[in-house]
1. Is there a quick way to get the dipole size of region 22-75? I mean about its Cα centre, with the Cβ of Lys and Arg at +1 and of Asp and Glu at -1; what is the value in debye to the nearest 20?
2. Mind giving me the nanometre distance, one decimal, between the label points for Asp74 and Tyr57, set 7 Å out from Cα along Cα→Cβ?
3. Determine the relative contact order of region 22-75: mean sequence separation of Cα pairs under 8 Å and six or more apart, normalised by residue count, in whole percent.
Amino acid sequence: MAEGKLRAGKKSRSRSSSHSHSPTYECRFCQRQFGKVYNLMIHERSHKENSPSTVMYHCQVCDKGFNKQQALQDHKP
């Protein structure tokens, strides 16, 4: 039982320290901020995937472009 309390205390200490003084990484396209550079890299791909050179599917109602057919289907009402 004491071991469970130790784990819970350790977990909460690491959680609080991760939120303080963590560097932020900003998207160069939309200025959204991320705590991890990996998450920023994944996010920036979404901007590149929607560039005119990679758009393969277009909505016939609003002409919004998508690079995946499933994304176009999800967009349709």
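1. Numbers: 7 positive and 5 negative charges, 29 e Å.
Here region 22-75 has a charge dipole of around 140 debye.
2. 1.0 nm
3. On the way: 54 pairs, mean separation 10.9, N = 54.
Averaging sequence separation for qualifying contacts and normalising by length gives 20 percent for region 22-75.
Laboratory data are not the source of any read-out in this text; all were calculated from the coordinates shown. In this text, all values refer to a predicted model and were calculated from it rather than measured experimentally. FYI the Cβ positions are ideal-geometry reconstructions off the backbone, even for glycines, and counts take in every protein chain you see.
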